[in-house]
């Protein structure tokens, strides 16, 4: 029997429907593979009993001809999504022992469509990080290695568990979240496909909040089709999230066939950074050429405010986080470091419970909202954010999509950047703009660099332009024909 | 000029007091401002708490439309500008009974802007008080410190309940005005049905801002808008009775004058009121004031609605106290004072109107305000708990109006309805007890003849002193057990005794 974990979600769906194999067999194959990949540290928690029970139910439904769109498809869930009855920590010590009595809307949507959950995936603490090194549970290791080296590389962050698990085939697909690039950058670093949908497309209800005005859930999958299948199930209006948008969800899989003929695709010149990695530049050019060869019109466009995106992001996101994370105070749930004095209890709990990067961002956020600094930082950042969004909307009057690199470098070694927060923050340079503007972006594998590491390209679309974006992504994927796999050194 | 009335005499000259009130009024609503949990008072600890109220990870607020309507309604009732675009902000601070670590409130863009209400001080004096703003916000939970010597407990039932914070302009000039304003505000909210006004349950409480300045400076402030003419203010928190508002203003004004006159300075600080001593004391000085780091709540979109929505609500507004007062004066011929007394409490006004409808308004007012309110006061009961229903009292007045009984018998029946004839229709009481007024002249003449015959010396007297006729009337009334119609008796006696 072939290794069931080599199949895509679309292939599993077909095989399960034809009863070539059972959901239990698929789930067992993934659980086995995940259990033997402890070295990657992708999962913080496997839930085999639940997974098997769900798979059995899926087989029953398939037998009863009542299969749902994701019947029996084994997924990994980023541990930022609250899962009913399953411990959820957001990779933070401060949420020790927290078991939500509720299921996040996005994961509930997947369950309602028949998905099987294998377990919870590792991430940067509270999704704050670009290398997965801020996790209380230790970093995730990228399944990819530089050719001839055994240096441990980052799978990106914050959805490093999701990207590594998909790349190493420890699940058929994964949920992830993206606040400044946390889906697209890890996808780029692991040769996987990641979608950050339009803000409001997926409900934020039940996802541990980082920065409310930027957070958006999306899938990481092996190919564009799988990502489209997952997004169709995850998306939708949720009355429990006031920022979710009431708009019908199309079948995104149907959007893949269109091709790029007649599409106008913009290359924003400001994304060509000084001292940019030549390989990335080359792959970007190659992507543009391939799209052109398929009939797209490639034009250079200008987004002069791009350089302000990162500074704006690192004011807005920490500001919101400083308030969102105030609830972790040791009073109600999670960690409490006892003290007879309430203020001391707060200080000790938060000092022990939050890691360094989270503390840094909470302090930045508190600072920029403080009396006397609010106008100079937060208010000004919000104004610039509005201008960035306007500029983005304007460029989409000219073009249908933007093509950019997904990340400024391939996977880097653990510890290489973690001592310099500013260098780490630069990882988001190509991705944050989409978050600030609320528009969707997708990262598609575009090739390997000279060291054999994957690199991704990003397509950005106007708000609710996911279907056009997927058309472009499918065309790009097909033209590139990326089929490299990491060697399975971890087994 | 009227301001002289409010001058306070100090050792070194005259002072004026300036007061502004921030009133927190709990919105009358079945559920909370941002969650579906019940907002009812009196449940067991933590029984009315949703995942949102407890600030579980990933929980999001969803605005309660009804609370928004209630705030708009209140804004209209305060003759204020309703803002069709407003926004919710987070007010950040740590406290165990504040589960989110922030309170969702409205900071820069409140739902209701400036307004003005009329406040009656007494029968002759009415003042106008400006409203600065009204905004919606969440209440916090309750910390309980007296259940254990070492630990505190938290009850989150109130957490997330909708409050309206109604801020007055600094236009109240005495303890009396502050108390009257607070009371009038309560009346308006109860009329609107947007707050139950139950102060003992914490549904309405005031933060009282008090400052003093030299006589004449307030006028300069009004002319220029320059706050430096006013003194430094203190804010005394959580005052939950009209009487306490008065005490706080009196105490603070005296204290501040004393401090200033002995060369001291007033600190801009938050103070607490001790209900036992009637004094205030420092709770938090300005240096310890929080930096709340307000910013727009990214979980909520700006609150927008159309002018039509506001107009729909305006069309459904109930009659408000001032309009009702004027209508009572016109429709029932009441004096301004009597009408004001009746409309001060909507339940009382409703009761009165049930009694007065289609009857003599003045007679009804007299029975309601004198007899019934007297009784309720004596027994410490609310109008809603009246032992005599409006229907019963109305029926009693009918009997007086159609001369079935005299006023005196009516009082007797009133007493009976409180006791052995409780719940009965006065008509039946009259029947059962044979209290019907005797207007049968034959019977009355017989009684008069009997009295005249038995009292020749009184008859002689009445010829010279017509005023003595009253004695005969009394005797005839006595003879008929009080049921005689006094006018008829009077007429008969005059004729028989030849008195003019």
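For the range B:65-92, which positions are assigned to a loop (DSSP other than H, G, I, E, B) and away from chain A (no Cβ under 14 Å)?
Once the filter is applied, which keeps residues that are assigned to a loop (DSSP other than H, G, I, E, B) and away from chain A (no Cβ under 14 Å), the range B:65-92 yields B:78, B:79, B:80, B:81, B:83, B:84.
Which one of B:140, B:123 is surrounded by fewer than 23 Cβ atoms within 10 Å (Cβ to Cβ), in a loop (DSSP other than H, G, I, E, B) and in contact with a helix residue (DSSP H, G or I) (Cβ under 8 Å, 6 or more places away or on another chain)?
The conditions single out B:123.
Would you say residue A:351 is part of a helix (DSSP H, G or I), within 13 Å of chain B (Cβ to nearest Cβ) and at pLDDT 95 or above?
no
Out of all the residues in the range A:294-302, is one or more crowded, with 22+ Cβ neighbours inside 10 Å, away from every other protein chain (no Cβ under 14 Å) and closer than 30 Å to residue A:470 by Cβ?
Scanning the range A:294-302 turns up at least one residue that is crowded, with 22+ Cβ neighbours inside 10 Å, away from every other protein chain (no Cβ under 14 Å) and closer than 30 Å to residue A:470 by Cβ.
Please work out which residue is surrounded by the fewest Cβ atoms within 10 Å (Cβ to Cβ), limiting yourself to the range B:285-316 and to residues that are out of contact with any helix residue (DSSP H, G or I) (no Cβ under 8 Å at 6 or more places or on another chain), without any contact (Cβ under 8 Å) to a residue 60 or more places away in the chain and within 14 Å of chain A (Cβ to nearest Cβ).
B:287
Could you count how many residues in the range B:317-329 are in contact (Cβ under 8 Å) with a residue 12 or more places away in the chain and either assigned to a helix (DSSP H, G or I) or within 14 Å of another protein chain (Cβ to nearest Cβ) (or both)?
6
Condition first: more than 10 Å from chain B (Cβ to nearest Cβ), free of Cβ contacts under 8 Å to residues at least 24 places away in the same chain and under 15 Å from residue A:89 (Cα atoms). Now tell me which residues in the range A:325-347 satisfy that.
Passing the criteria: only A:336.
Yes or no: residue A:207 within 13 Å of chain B (Cβ to nearest Cβ) and within 21 Å of residue A:400 (Cβ to Cβ)?
Spelling it out, it is not the case that residue A:207 is within 13 Å of chain B (Cβ to nearest Cβ) and within 21 Å of residue A:400 (Cβ to Cβ).
Quick test of your reading of the structure: residue B:95 fulfils all but one of (1) surrounded by fewer than 18 Cβ atoms within 10 Å (Cβ to Cβ); (2) away from chain A (no Cβ under 13 Å); (3) not in a strand (DSSP E or B). Name the failing condition by number.
(2)
Anything in the range A:45-61 that is part of a helix (DSSP H, G or I) and surrounded by fewer than 20 Cβ atoms within 10 Å (Cβ to Cβ)? List them, or say none.
A:48, A:49, A:50, A:52, A:53, A:56, A:57, A:60, A:61
In the list A:133, A:149, which residue meets the criterion of being surrounded by fewer than 24 Cβ atoms within 10 Å (Cβ to Cβ), in a loop (DSSP other than H, G, I, E, B) and under 17 Å from the mean Cα position of the chain (by Cα)?
A:133
Please determine whether any residue of the range A:360-369 is within 14 Å of chain B (Cβ to nearest Cβ), more than 30 Å from residue A:139 (Cβ to Cβ), surrounded by 18 or more Cβ atoms within 10 Å (Cβ to Cβ) and touching a strand residue (DSSP E or B) at 6+ places or on another chain (Cβ under 6 Å).
Yes: one or more hits.
Any idea which of A:235, A:282, A:278 is away from every other protein chain (no Cβ under 14 Å) and under 30 Å from residue B:302 (Cα atoms)?
When all the criteria are applied, what remains is A:235.
Only one of (1) under 20 Å from residue A:476 (Cα atoms); (2) assigned to a helix (DSSP H, G or I); (3) out of contact with any strand residue (DSSP E or B) (no Cβ under 9 Å at 6 or more places or on another chain) is not met by residue A:291, so which one is it?
(3)
Checking the condition more than 18 Å from residue A:167 (Cα to Cα), outside any loop (DSSP other than H, G, I, E, B), in contact with a helix residue (DSSP H, G or I) (Cβ under 8 Å, 6 or more places away or on another chain) and without any contact (Cβ under 8 Å) to a residue 60 or more places away in the chain, which residue from A:381, A:389, A:475, A:376 passes?
The match here is A:389.
Suppose we filter the range A:67-102 for residues that are surrounded by 22 or more Cβ atoms within 10 Å (Cβ to Cβ) and either more than 14 Å from every other protein chain (Cβ to nearest Cβ) or not in a strand (DSSP E or B) (or both); how many remain?
18
Could you say whether any residue in the range B:453-468 is within 19 Å of residue B:482 (Cβ to Cβ) and in a loop (DSSP other than H, G, I, E, B)?
no
For the range B:38-64: of the residues being away from chain A (no Cβ under 14 Å) and either in contact (Cβ under 8 Å) with a residue 60 or more places away in the chain or on the phi > 0 side of the Ramachandran plot (or both), which is surrounded by the fewest Cβ atoms within 10 Å (Cβ to Cβ)?
Only one residue fits best here, namely B:42.
Considering only the range A:451-475, state which residues are under 19 Å from residue A:191 (Cβ atoms) and within 20 Å of the chain's Cα centre (by Cα).
Listed by number, the residues that qualify are A:453, A:454, A:455, A:456, A:457, A:458, A:459, A:470, A:472, A:473, A:474.
Evaluate the range A:308-319: report whether one residue or more is away from chain B (no Cβ under 14 Å), in a helix (DSSP H, G or I) and in contact with a strand residue (DSSP E or B) (Cβ under 8 Å, 6 or more places away or on another chain).
no
When you scan the range B:100-120, how many residues do you find that are within 14 Å of another protein chain (Cβ to nearest Cβ) and touching a helix residue (DSSP H, G or I) at 6+ places or on another chain (Cβ under 6 Å)?
Looking only at that region, the number is 3.
Any idea which of (1) in a helix (DSSP H, G or I); (2) in contact with a helix residue (DSSP H, G or I) (Cβ under 8 Å, 6 or more places away or on another chain) is the one residue B:212 doesn't satisfy?
Unmet for residue B:212, out of (1) in a helix (DSSP H, G or I); (2) in contact with a helix residue (DSSP H, G or I) (Cβ under 8 Å, 6 or more places away or on another chain): (1).
The values are calculated or read from the model by the stated rules, or taken from the named source; none is laboratory data. The shown structure was predicted, so the numbers you read here are calculated from the model rather than taken from an experiment. A quick note on method: Cβ atoms are made from the backbone with ideal geometry, for glycine too, and the neighbour counts reach across all protein chains shown.
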